[in-house]
Amino acid sequence: MTRKFVTRTVVALTLSTLALLTVAPTAPAAAAEPTATPIDRMKIKEGFKVELLYTVPKDTQGSWVSMTTEPKGRLYVSDQYGKLYRVTPPGINGATEVKVEPVPVDIGEAQGMVWAFDSLYVVVNRGGKYKSGLYRLTDTNGDDTLDKVVQLREFFNGGGEHGPHAVLRSPDGKTITVVCGDQTPLTEVNDSRVPKDWDEDNLLPRVYGRGFMKGTPAPGGWICKTDPEGKNWELIATGFRNEYDAAYDWHGELFTYDADMEWDMNTPWYRPTRVNHVVSGAEFGWRNGGGKWPAYYPDSLGSIVDIGPGSPTGVTFGYGAKFPKAYRNALFICDWSYGKMYAVHITPDGATYKGQAEEFITGVPLPLTDIAVNPMDGAMYFTIGGRKVQSGLYRVTYTKDVGVIAPGADEPPTELQKIRRDLEALHRPTPGAVDKAWPYLGQADRHIRFAARIALEHQPVDQWRDRALAEKNTDAALTALLALARQYERADKRTGAKNAELDTPAPRYDGSDPKVSADRRAAQQKILSALDRFDLTKLDERQQIDLARVYEVTFVRTGQPDDEARKALIAKFDAVYPTGEPLVDLELTQLMVYLQAPSAAAKGVALLEQAPTQQEQIAYAKTLRLLLVGWDEALARKYFAWFDRAAGYNGGASFEKFVEYIRNGAIANLSADEKEKLKDVLSAKPKAPASPFALLATRKPVKNYTVAELAPIVEKGLTGRNFNRGRQLFGSVGCFACHRYGNEGGAVGPDLTGVAGRFSPRDLLESVIEPSKEISDQYGAVIITMDDGSTVYGRIVNLSGDTYRVNPDMLDPKNMVGVDRRKVKSITPSPVSMMPPGLLNVLEQDEVLDLVAYLLSRGDRKSPMFK
């Protein structure tokens, strides 16, 4: 059937108007049909307008989650749990109103669609009726109607919302690209740009919270290419959590928007939603439970920009849109949970890129599902829906003439990007590849080193093993030795380790561990000998981390060292541990505990007590739970006392379970006598939780600082400041509880890592001293007034059917209140920031200046601002 549109509304808003926006929808007439989110509940980038073209009738057409365009300018859309539809927007092919037609083939429940090779390709994520897989729909008789469906590839066990997702045209014009989340076992591939030597590669056993996806092994979410018939598959990248969609730029570079694990929030292994540059052979380090790799590991890659908590959905570049140049070239990404569409402005950064995210459209609620640019009218279209919530179709246009738009890239690739792409051509067995790649193993650019290592791992190891062991250049040697360590398959993996026990148990060095074979021991000793050349004190922070990681992978892959090597390594690390560099010390603590170094108890507990963030503390507590030596009663009491302190911390839904798992693991390693001596501390009930701001209130007020007073001091230039004290203060005044800085901190407030590039010193002070003066839409709260007059304050973070999920306390991400949207009278932006004022008033002026210097330093302790 064809259904006429229910409503079509057009509103163009300026940012100044939006700042004063009050949402107060008129109660609908009794007989009126439900309406998708109206435009007056949105904040729209100035100069653009949004039209609500169609409110999807939920009872008959479901909730739309996937969309693509076709050559005639029409759209194909899919209900998450039902049919496919073809949509003709107004102005396309003479249409004056929205025309919606069911596609007359027996397929649906698509989470990805693309028109390519005169066909509609559909990815099904097993919503209920149809098998998960890649399908091809064609018109066999030329009547402009798709009438044949063929399954090209079944994806086994791909289900739920972490299964198969997007499909898109590849820039080579010969293939399509398929995107799958971490609950989709890797399909059979004919070729792989990712070396097939992946493993969990966690030095110590991970911890678990609520056990979601426990036992799911690497490689996690993946991206493949396949031919039009779906016969030959090539693996491009792995290690994602749940990337829903992806897009290619003009140069053929691929980008995706990967999901966080919101249950992990405020733990050291939490990774915010982030935009990844998907290069050839990439590994992004997803592992289940607490086993996710940090972004700084050299055997993985990080992001071009971190976004924060959310639920990534549709992604597209603005190519073909009649938008200003900055937005035509932007990557648009959608967040379902928080109702935000971002324009990510991407610029070259060495061999890769960096991104700057800008809020483009936001709404309350606005559960964005997919997005596409229609080249027929130069407009952007997006859908809202999912999980059976009210769905709608919208169109975005620019209100001014942008002139003639020339297709194609504005700038050529950088020289480093050309080098990386040349190296990526070697990501398969290739004659001469070792000699071609070798000069780039020590390149300063991380992506160049990564691409060179992947090229190396694709070649027979006999061609380059000796060269790796003899390499003298520090970076080249570390990169080559990492590649060499990865050539060995974990010994216990060969003996049939079950997926539920993915990690090698921590060595006890009591004769209970399996013996390492002679050939593996010999290989290990050669790698350790090569690594022994490097003096940790002469390496920079990144090189120290890389060295530690090579040791870790070597032990994971080749087994525990013999006692002589173990003692030598303990002596080597003990001489420099702790280094004062937080990330280096975290890795060295893992190595010291793995080697069962007696000194790790006293040193590790001291680091635990001194760590300014709960994430850093949890990382130390997690590692120290496995240390069996070096403890005395006093140290053990300090360690277990930390769990009382941790009772005041908050995080995602798994947070308490993670902490409980760590504590239980530590208790399990106590002897009966030790348990008896520690009985009082082990049986003590945790104190009532205290928030960081409650703890802050215990400090004596010093002064009510003003921007006018502090700005002139800061603007003169800061010198002689104390980096370590600034970092400690960032934790003690509560900043780390909400904000990420570098690789640590909370995720409920803005990421402050690059604050120096976005704010002047005066603006930074103003945002801290007067937080309600200007509130970011991304982190602002709303006031929801109900029909009965009651109110709910907080951030809308999720939806389910007709229920809003509202977080009233940013310090407790798992605290959710359900609100029935049918009983909502109005939703208004709160004029009060969720960040409290007066945080600096408990600090001495010298402390304030150290804190500001730390924020402006981008985490560089070598900045001239410091002593």
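Numbers at a glance
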| item | result |
| --- | --- |
| Dipole of the chain, positive end: most advanced residue of Pro171, Tyr551, Gly215 [Cβ charges, Cα centre] | Gly215 |
| Ala406-Lys418 pseudo-label distance in nm [points 7 Å out on the Cα-to-Cβ vector] | 2.0 nm |
| Positive-end extreme of charge dipole, the chain - chosen from Ala684, Asn276, Thr256 (charges on Cβ) | Ala684 |
| Share of carbon and sulfur in the accessible heavy-atom surface of the chain [1.4 Å probe, %] | 51 percent |
| Residue-wise HN-Hα coupling along region 293-309, computed from phi with Karplus coefficients 6.51, -1.76, 1.60 (Hz; x: Gly, Pro) | 6, x, 5, 8, 4, x, 8, 9, 10, x, 10, 8, 6, 8, 9, x, x |
| Residue-normalised accessible area of region 69-153, given per residue in Å² at a 1.4 Å probe | 39 Å² |
| Solvent-accessible surface ranking, highest first, for Ser599, Ser654 at 1.4 angstrom | Ser599, Ser654 |
| Contour excess over end-to-end distance, with Cα ends at Glu674 and Asp820 and 0.36 nm allotted per residue | 47.3 nm |
| Violating pairs (Cα-Cα greater than 20 angstrom) within the set Lys526/Lys572; Lys49/Lys325; Lys58/Lys322; Lys325/Lys354 | Lys58/Lys322 |
| About the Cα centre, charge dipole magnitude for region 308-426 (Lys/Arg +1, Asp/Glu -1 at Cβ), debye | 320 debye |
| Placed amide H near Lys99: partners under 5 Å, 5+ positions off or other chain | Thr88 |
| Estimated inter-spin distance, Ser683 and Asp787, nm [label 7 Å along Cα→Cβ] | 5.5 nm |
| Helix-only CD estimate at 222 nm, as mean residue ellipticity for the chain, using -39500 (n - 2.57) per DSSP H run (n ≥ 4) | -7500 deg cm²/dmol |
| Alpha-carbon centroids, region 240-271 and region 520-546: separation in whole Å | 32 Å |
| Set Lys622/Lys675; Lys196/Lys472; Lys214/Lys657; Lys340/Lys823; Lys567/Lys638; Lys231/Lys292 screened for pairs whose C-alpha atoms are more than 21 Å apart | Lys196/Lys472; Lys340/Lys823; Lys567/Lys638; Lys231/Lys292 |
| Glu609 paired with Arg520, simple spin-label distance in nm, labels 7 Å along Cα-to-beta-carbon | 4.0 nm |
| From the coordinates shown, mean projected area of the Cα convex hull in nm² corresponds to which of [x] 37.5; [y] 43.7; [z] 71.0 | [x] |
| Per residue solvent-accessible surface (Å²) - region 268-308, probe of 1.4 Å | 14 Å² |
| Karplus (6.51, -1.76, 1.60) ³J(HN,Hα), θ = phi - 60°, over region 53-63, in Hz, Gly and Pro reported as x | 7, 7, 8, 6, x, 4, 5, 10, 10, x, 9 |
| FRET efficiency, Asp563 to Asp632 (Cβ-Cβ, R0 22 Å, nearest 0.05) | 0.40 |
| Å² per residue, accessible surface of region 428-467 at 1.4 Å | 45 Å² |
| Charge dipole (debye, nearest 20) of region 147-201; +1 at Cβ of Lys and Arg, -1 at Cβ of Asp and Glu | 460 debye |
| Simple Cβ-charge dipole of region 102-186, Lys/Arg +1 and Asp/Glu -1, about Cα centre, in debye nearest 20 | 260 debye |
| Difference of contour (0.36 nm per residue) and Cα-Cα distance, Arg542 to Ala326 | 74.4 nm |
| Protection-proxy order for peptides 430-438, 639-647, each taking the mean of Cβ atoms within 10 Å per residue, highest first | 639-647, 430-438 |
| Exposure of Tyr793 as accessible area (Å², to 10), given a probe of 1.4 Å and all protein chains | 80 Å² |
| Area of Arg210 that stays accessible when all protein chains are in place (1.4 Å probe, Å², to 10) | 140 Å² |
| Protection-proxy order for peptides 213-219, 444-450, each taking the mean of Cβ atoms within 10 Å per residue, highest first | 444-450, 213-219 |
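The values are calculated or read from the model by the stated rules, or taken from the named source; none is laboratory data. As the structure is a prediction and not an experimental result, all values here were calculated from the model. Positions of Cβ are backbone-derived with ideal geometry, glycine not excepted, and every protein chain shown enters the neighbour counts. Each accessible area value is taken on the protein alone, full model and side chains, heavy atoms only, with ligands, DNA and RNA left out. Shrake-Rupley method; radii C 1.70, N 1.55, O 1.52, S 1.80 Å.
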